[in-house]
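Chemist: One structure is given below, represented as structure tokens, and several questions about it will come after.
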Amino acid sequence: MKLKQIFISLLFAMIALTSMSQATGQDATAPVVAEVSTEKKAYEPKTIAELATSFWQTTGINAIFDVNDGETTSEPKGHAYEREMTWFESSLGRIMMILIVFLLFYLAIAKNFEPLLLIPIAFGGLLANIPLAGMGGEHGMLGIIYNMGIANEFFPLLIFMGVGAMTDFGPLLANPKTALLGGAAQFGIFGSLVGAVMIGFDLQSASAISIIGGADGPTSIFIANRLAPDMLGAIAVAAYSYMALVPVIQPPIMRALTSKAERVIVMKTTRQVHRLEKLIFPIVVLVLSILVLPESTPLIGAFAFGNFAKESGVVDRLSDTMQNALINIVTIFLGLGVGSKLAADKFLVLETMGIMIIGLIAFSAGTAAGVIMAKIMNRFSKEPINPLIGAAGVSAVPMSARVVSKVGSEEKPGNVLLMHAMGPNVAGVIGSAVAAGVLLSIFK
Amino acid sequence: MAEVNNVVEALKFMALGMGVVFLFLYILVVLVKVQAALIAKYFPENTPKIPTTPVGNTVEDENRRVAAIIAAVSEFRKNKS
């Protein structure tokens, strides 16, 4: 099968070469490469060689290897923002991006790393790197999706609504002081902000990058779009890949910062939470965010709405839609839209490297700060607190809580920390939304 | 020169950001505690107390473990549905 394809492409290449040399021989004054025109013209008879040449010029192989046709980048904002692609972007760059896309496929399918997000993002990236198709442009599929919900920050909010409808605040309400752990983990955001500025990013871009430390995909997209839209693709890919790598990144940090005696601490069983407490909680959070930080109300408002619908108990149909159908649909669109930023001309820039590194530091710093805070709380608290649950302060829900539980039960079989870790975990979601609000208020 | 300024700015952002995050969550913790106390006072019937026993006894330990597992499983099922 492959041999056949190679043979066919070789054949085309040969035809093209011979016909080009013929053209130069016959008519030296005419330009060698015929312009592919979109306007309607009276049809002129063509030889089979000319037909083959013009076909060859529209193939992807030609677009990748022979890049002198002045192809422009595709921009969802419209033709006015397009520029001509460089030689690298429209040739090697594309091939590199397609390889990266297949690496993401591999991670999603074989390693099961956040497949729900990586598959749509990677496939979007594949489509965005198709030469000549202009999928990411104003009228291309990816461009339409991008304009529909990412350029105006709508999709991240819908995701937040669904996450709200999926979140159970019971564990947090049962042991409220663990919420402070979710605050400590936000050090990842602000610590890496300083780091990003040190390596030369300007303040606004640095803020957008450092939000990766919140380990919260929708928030990262929301902030990146406001503060540094050019870096959206790299930031989203970094945020989601590090979220997928939670089980790999977090445990070594957790083990390094705690002693064996601390890791085997058994925590008290959480109390039963009254239904009314759960019902009122989203309203309390919302009112507080309105008073303190109206900048973050789009995120927290959507979150509170989803949670309120769930806890009200009378609109199961709506809450079910938010948790399943709606969030699934939006995930597809969000993934493809973000994937459009994996086009070679947008992703293969020097900043991407910096974003990946800063993102990793941000993530690790957040985990470390959470664990250290939990150690301090354990020292001063009457009830024992296992420092491992601090790592769940990064808001990758519920993955980091699961990781904490796994590490905890490895240290001491039967020690179930999951419920205790869910407290800091959901507080981390609120914490990173608040941190996002602070950053937005600075650059208002 | 400009870079030095930027780092100082970033440190200020950090102070502000961490301050606001902690303040927000701290107020939230206080509100949640107040709310829990109020609800326990005025709607007491639905808050059964789970007896807590100190660690040490192996049988008690086992019971606690079973309780935790049951709680986790029921929470998980509830989340799933």
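Chemist: In Å and from the alpha-carbon atoms only, list the Rg and Dmax of chain A.
Modeler: 26.1, 94
Chemist: Still on this structure, please answer the following. To the nearest 10 square angstrom, how much accessible area does A:Lys310 have with a 1.4 angstrom probe?
Modeler: Approximately 40 Å² for this residue.
Chemist: Could you rank A:Val273, B:Val73 by how accessible they are, 1.4 Å probe, largest area first?
Modeler: Greatest to least solvent exposure: B:Val73, A:Val273.
Chemist: Follow-up question, since we're still on this one. Using Cα centres only, tell me the gap between the stretch A:285-327 and the stretch A:97-164 in whole Å.
Modeler: Between the Cα centres of the stretch A:285-327 and the stretch A:97-164 lies a distance of 25 Å.
Chemist: Excluding residues on the same chain fewer than 8 positions from A:Lys382, give the aspartates and glutamates whose Cα lies under 20 Å from its Cα.
Modeler: Cross-link targets: A:Glu262, B:Asp61.
Chemist: Something else now. Only Cα pairs under 8 Å and at least 6 apart count here; give the relative contact order of chain A as a rounded whole percent.
Modeler: Relative contact order here is 24 percent.
Chemist: Here is a further query. Please give the charge dipole size of the protein assembly as shown, origin at the Cα centre, charges +1 on K and R Cβ atoms and -1 on D and E Cβ atoms. Round to the nearest 20 debye.
Modeler: 2340
Chemist: Using amide H atoms built in the peptide plane, which far-off residues or other-chain residues are under 5 Å from A:Thr72 H to H?
Modeler: Residues meeting the amide H criterion: A:Met85.
Chemist: Further question: Given springs between every Cα pair under 10 Å in a Gaussian network model of chain A, which of A:Phe363, A:Phe380, A:Phe201 has the largest fluctuation?
Modeler: Largest GNM mean-square fluctuation: A:Phe380.
Chemist: Please give the calculated 222 nm ellipticity per residue for chain A, where each DSSP H segment of at least 4 residues contributes -39500 (n - 2.57) and the sum is spread over every residue; nearest 500 deg cm²/dmol?
Modeler: Using -39500 (n - 2.57) per qualifying helix, the result is -20500 deg cm²/dmol.
Chemist: Which of A:Pro218, A:Pro384, A:Pro247 moves most in a GNM of chain A, Cα contacts under 10 Å?
Modeler: Result for chain A, Cα springs under 10 Å: A:Pro384 fluctuates most.
Chemist: Taking each residue in A:417-424, count the Cβ atoms of any other chain within 10 Å of its Cβ, then average. What number comes out?
Modeler: Mean shielding count: 2.
Chemist: Mind checking the mean number of beta-carbon atoms from other chains within 10 Å of the Cβ atoms in A:272-280?
Modeler: That works out to 5 on average.
Chemist: To continue, here is another question. Please compute the average number of Cβ atoms from other chains found within 10 Å of each residue's Cβ in peptide A:261-268.
Modeler: Mean shielding count: 2.
Chemist: From the phi of every residue in the stretch A:312-329, what ³J(HN,Hα) in whole Hz does the Karplus formula 6.51 cos²θ - 1.76 cosθ + 1.60 yield, where θ is phi - 60° and glycine or proline is x?
Modeler: 4, x, 10, 10, 4, 4, 5, 5, 5, 4, 5, 6, 10, 4, 5, 5, 5, 4
Chemist: Pick from A:Ala174, A:Ala401, A:Ala343: which residue has the top mean-square fluctuation in a GNM of chain A where Cα pairs under 10 Å get a spring?
Modeler: Among A:Ala174, A:Ala401, A:Ala343, the largest mean-square fluctuation in the Gaussian network model of chain A belongs to A:Ala174.
Chemist: Highest mean first, what order results for A:386-399, A:49-62, A:151-164, A:319-332 on Cβ atoms within 10 Å?
Modeler: A:386-399, A:151-164, A:319-332, A:49-62
Chemist: Relative contact order of the stretch A:356-427, please, whole-number percent, based on alpha carbon pairs below 8 angstrom and at least 6 residues apart.
Modeler: 27
Chemist: So how much accessible area does A:Leu132 have, in Å² to the nearest 10, using a 1.4 Å probe?
Modeler: The value for A:Leu132 is about 90 Å².
Chemist: Right, next: Just order B:29-38, A:190-199 by mean Cβ neighbour count inside 10 Å, highest at the front, would you?
Modeler: Peptide ranking by packing, descending: A:190-199, B:29-38.
Chemist: Something else now. Here are some pairs, A:Lys310/B:Lys80; A:Lys177/A:Lys268; A:Lys310/B:Lys78; A:Lys177/B:Lys33; A:Lys375/B:Lys33; which of them have Cα atoms lying more than 18 Å apart in this structure?
Modeler: A:Lys375/B:Lys33
The values are calculated or read from the model by the stated rules, or taken from the named source; none is laboratory data. Please read all numbers here as calculations on a predicted model, not as lab measurements. Here Cβ is always computed from backbone atoms with ideal geometry, including for glycine, and neighbour counts include all displayed protein chains. These accessible areas exclude ligands, DNA and RNA; they are computed on the full protein's heavy atoms, side chains included. Shrake-Rupley method; radii C 1.70, N 1.55, O 1.52, S 1.80 Å.
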